[in-house]
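What follows is a single structure, written as structure tokens, with notes after it.
The values are calculated or read from the model by the stated rules, or taken from the named source; none is laboratory data. Model, not experiment: these values are computed from the prediction. Cβ placement follows ideal geometry from the backbone for every residue including glycine, while neighbour counts extend to all protein chains displayed. What goes into the accessible areas is simple: the full protein's heavy atoms, side chains included, and nothing from ligands, DNA or RNA. Shrake-Rupley method; radii C 1.70, N 1.55, O 1.52, S 1.80 Å.
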Amino acid sequence: MQTQYTDESLILNWTGFTNHIINVNGTQLHYVDGGSGIPVICLPGWPQTWYSYHNIAPRLAENFRVIVVDIRGMGSSATPASGYDKKTMAADIHELILKLGLEQAFVMGHDIGGMVAVSLAHNFPETVSGLIVADGLHPSEGMLQMPLIPAAGTFTDKIDPQQPYTWWMGFNQIKGLPEKLLEGRYRYLLDWLFSYVMSDESRISDFEKEVYAAVYNQPERIRASNAWYQTFNQDIEDGRSYEKLTLPVLGIASNVSYGFYNYALPLMAERYELVHLEDTGHYMFEENPDTVLEAVSAFLNKTMLSKNPA
């Protein structure tokens, strides 16, 4: 990997943050840690790494302790042969919280990271002060209804918010082949994906794409990240036993996910807020970081105030 794309180089632009590796739950996780005060654990999604929070974390760290984690199989974390169901990945984060000596933490997740965050809240609610899910809810049976073929006229250069065609959900189920096709060529997928799901793809730079390509060009990273998708059936089965969350939840929905969030959040949580980023695509930390940060900060402050009234 070229020097400018390493964790050691990238962290230099995050004032006050440091890199760490920790052994948890039989694997190794990489995380970055900065700021002080109430802890906020941040979990990224596919196909990104901890660096996807670069527009959010340093500014959030002005008022909170921010810990951004490469989830199992991501970035500089280990790529074990198994354990990619969201319940096991949630146990990774739970043990991280305990090893860091934190009684509780707010947990924020985007995309796949959101799925892990929801599982953490269900399985280890005693360690979660509040949950923030940005375009990523727990796998459910609705996934089994996703179309193999897009409806006529809905699959164009930009994703259709009303009938999104997410073909990679199927492609990532395949074992062995994606590694052969994408090794050293992952930038092609990144360019297409960001263009397709972002309202304004100019909001993500060429440098950022190269940061992620440098990671996902490696076969073991492709294999591990696809494993997040290959466990969806197990995740769906695990989710059948989950009851409504009683802890506070903030949902942040893009123009693609708002309809689903509007339906799913009331079923998932007793106390929730929903922010709709109407003109923003899936990669909202790049397209609309100011509004995301405003919503997150307001939620954190309000939740803390309700727990500790004057």
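Descriptive notes on the structure:
- The set of residues in the stretch 181-200 that are under 26 Å from residue 223 (Cβ atoms), of a type outside the set (D, E, K, R) and open to solvent by 30 Å² or more (accessible area, probe 1.4 Å) comprises 181, 184, 188, 192, 195.
Residues checked against (1) touching a Lys or Arg at 6+ places or on another chain (Cβ under 9 Å); (2) among the small types (Gly, Ala, Ser):
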{"site": "75", "(1), (2)": "yes, yes"}
{"site": "129", "(1), (2)": "yes, yes"}
{"site": "135", "(1), (2)": "no, no"}
{"site": "141", "(1), (2)": "yes, no"}
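- Tally of residues being part of a loop (DSSP other than H, G, I, E, B) and surrounded by 19 or more Cβ atoms within 10 Å (Cβ to Cβ) across the stretch 231-246: 1
- Some residue of the stretch 94-103 being closer than 27 Å to residue 8 by Cβ, out of contact with any Pro (no Cβ under 6 Å at 6 or more places or on another chain) and open to solvent by less than 10 Å² (accessible area, probe 1.4 Å): yes
- With respect to (1) open to solvent by 10 Å² or more (accessible area, probe 1.4 Å); (2) under 15 Å from the mean Cα position of the chain (by Cα), the lone exception for residue 65 is condition (2).
- Residues of the stretch 109-146 classified as within 30 Å of residue 306 (Cβ to Cβ), in contact (Cβ under 8 Å) with a residue 40 or more places away in the chain and either among the small types (Gly, Ala, Ser) or surrounded by fewer than 17 Cβ atoms within 10 Å (Cβ to Cβ) (or both), total: 12
- Total residues in the stretch 211-228 satisfying the condition of being out of contact with any Asp or Glu (no Cβ under 7 Å at 6 or more places or on another chain), closer than 16 Å to residue 84 by Cα and of a type outside the set (Phe, Trp, Tyr): the figure is 6.
- Here residue 267 does not qualify as over 17 Å from residue 128 (Cβ atoms) and in a strand (DSSP E or B).
- For residue 132, the test of being at pLDDT 95 or above and either more than 18 Å from residue 259 (Cα to Cα) or not in a strand (DSSP E or B) (or both) is failed.
- Residues of the stretch 96-111 that are among the β-branched types (Val, Ile, Thr) and assigned to a strand (DSSP E or B): 107 alone.
- Filtering the stretch 210-230 to residues that are surrounded by fewer than 20 Cβ atoms within 10 Å (Cβ to Cβ) and under 16 Å from residue 168 (Cα atoms) leaves 223, 230.
- From the list 271, 221, 240, the lone residue that is touching a residue at least 40 places away in the same chain (Cβ under 8 Å) and among the basic types (Lys, Arg) is 221.
- Scanning the stretch 289-310 for residues that are touching a residue at least 24 places away in the same chain (Cβ under 8 Å) and more than 12 Å from residue 248 (Cβ to Cβ) yields a count of 6.
- Scanning the stretch 275-290 for residues that are open to solvent by less than 50 Å² (accessible area, probe 1.4 Å) and not in a loop (DSSP other than H, G, I, E, B), we see that the one that is farthest from residue 197 (Cα to Cα) is 275.
- Within the option set 89, 74, being assigned to a helix (DSSP H, G or I) and of a type outside the set (Phe, Trp, Tyr) holds for one residue only, 89.
- In summary, residue 142 fulfils each of the numbered conditions (1) modelled with pLDDT of 95 or more; (2) part of a helix (DSSP H, G or I); (3) more than 23 Å from residue 18 (Cα to Cα) with the single exception of condition (1).
- Qualifying positions in the stretch 147-180 - touching a residue at least 24 places away in the same chain (Cβ under 8 Å), open to solvent by 40 Å² or more (accessible area, probe 1.4 Å) and over 26 Å from residue 218 (Cα atoms): 157, 158, 161, 162, 164
- Of the residues examined, residue 104 is not one that is over 16 Å from the mean Cα position of the chain (by Cα) and at pLDDT below 95.
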